[in-house]
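Take a look at the structure below.
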Amino acid sequence: MRTMISGPDTTSDERAGGVRHSVVVVGGGFGGLQAVRKLRHEPVGITLIDRRNFHLFQPLLYQVATGALSPGEIAAPLRGVFKRDQNVRVVLGAVTGFDLAGRCVLVDGLPNVSETCAIPYDSLVVAAGSNYSYFDHDEWRPLAPDVKSLESALEVRRRILTAFEAAEVEPDVERRAAWLTFVVVGGGPTGVELAGQIAEIARDTLRRDFRTIDTRAARIPLVEVADRVLPGFPPRLSARAARALERLGVSPLARPRRAADHRAGDPADDLGAGRSRCAGRASAGRGRVAVGVEPCPRRAQAGRVPDSFEHDECMPRLRLSSFGWVVAGRLAPPGDSLTARPAVRSNSGPVSLPC
Ligand SMILES: Cc1cc2nc3c(=O)[nH]c(=O)nc-3n(C[C@H](O)[C@H](O)[C@H](O)COP(=O)(O)OP(=O)(O)OC[C@H]3O[C@@H](n4cnc5c(N)ncnc54)[C@H](O)[C@@H]3O)c2cc1C
């Protein structure tokens, strides 16, 4: 059974004798927040649905993961953000699907009811973000928590700090060195930032806090399957980043471009070949923590975008289709089709949003 939930200030609209156009925005991240901010001065009622009641500033998550910032410094309550906007309502709940034909968003996990609720819309904005990618190695997930939510960033922080604690009391030299080895997988911006930050806490922040170990001895291999870190940037910037990382004490391990430069057992090689040697080593329980991978938006989106959402309705054009929805933010897929057009054309629903 579905409970129907009405939009914000419907009653005052009804009293005024009109029915306000109702916009439902799924996701209070960068995309969703921008959508609400742009629409809030329009004559519409907006319902912002998120499974968290705060906006998370993800670019600084790695600072939380390394203890440089506390969670409260990068999270802003959504209700606080929109407290002056009477036509904006925040709903805490997990969107599980869409009934496109019935123009409803299906929501589970509302704090007051156990059944699925339906929130009707005239226009729908879906900005539910992306999933973390483990490069087709989901078995790495327990070894290397993502740096995408507050909870997982805190888990990464716990593992990093615990590794230093373990090294401090570890008498065996080899095992101590293993505790002090932090493997970062993925040399994109997040991996580079994270590796640099781990190096900084090892070289600087924790330097005087331990008595047995020299935290500056920490090894931080940064494994990248491409032939350079930051492969999405011009080679000149990649080279500068690699030099800066090395100065900090990070060892960038990119896959050599020339066969002559190849070293046997190069971890980046294994990553490219789809083997999990790096994560496997980390799992050997010797204190190496494999943390941080690059998001892979397309795969993530494949799991998130409802089947009947069409790419040509997405950003950057931000065009509302005749079905009244738009996909925004990181969820908006850039490339080829993941979708089943007939499902939209025939207006058949409901469709689901796996999370
Ligand atoms: C560690 C890290 C560092 C980054 N650094 C940078 C940087 O330096 N510069 C930069 O430009 N970008 C950076 N990014 C990327 C940037 O944060 C994302 O591109 C951006 O957050 C995407 O915005 P979004 O609105 O699409 O999704 P998100 O910000 O992920 O927001 C999605 C929202 O939807 C909610 N949601 C998801 N599913 C559901 C559901 N089923 N029901 C209800 N709510 C749901 C989530 O709770 C979340 O609040 C970084 C990302 C990370 C993880």
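With θ taken as phi - 60° and the Karplus curve 6.51 cos²θ - 1.76 cosθ + 1.60 applied, the whole-hertz 3J(HN,Hα) list for region 144-153 is 10, x, 6, 10, 10, 10, 4, 4, 6, 5 Hz, x standing for glycine and proline. With a Förster radius of 41 Å applied to the beta-carbon distance between Thr116 and Thr162, the computed FRET efficiency rounds to 0.55.
Using a Förster distance of 56 angstrom, determine the FRET efficiency expected from the C-beta separation of His41 and Leu69, and round it to 0.05. List each step's numbers first, then the result.
Numbers: r = 32 Å, r/R0 = 0.58.
Efficiency, from the Cβ-Cβ distance: 0.95.
3J(HN,Hα) along region 220-225: 10, x, 10, 8, 10, 6 Hz, from the Karplus curve 6.51 cos²θ - 1.76 cosθ + 1.60 with θ = phi - 60°, whole Hz, x for Gly and Pro. The ranking of Tyr134, Tyr62, Tyr121 by Cβ neighbour count inside 10 Å, starting from the fewest, reads Tyr134, Tyr121, Tyr62. Taking 0.36 nm per residue of separation and subtracting the current Cα-Cα distance, fully stretching the chain between Glu139 and Val173 would add 9.3 nm.
Exposure proxy for Asp85, Asp136: other Cβ atoms within 10 Å of each Cβ, ordered fewest to most, give Asp136, Asp85.
A short reminder: the numbers here are calculations on the coordinates, not readings from a lab. Computed from a prediction, not measured in an experiment: that's the story for all the values here. Here Cβ is always computed from backbone atoms with ideal geometry, including for glycine, and neighbour counts include all displayed protein chains.
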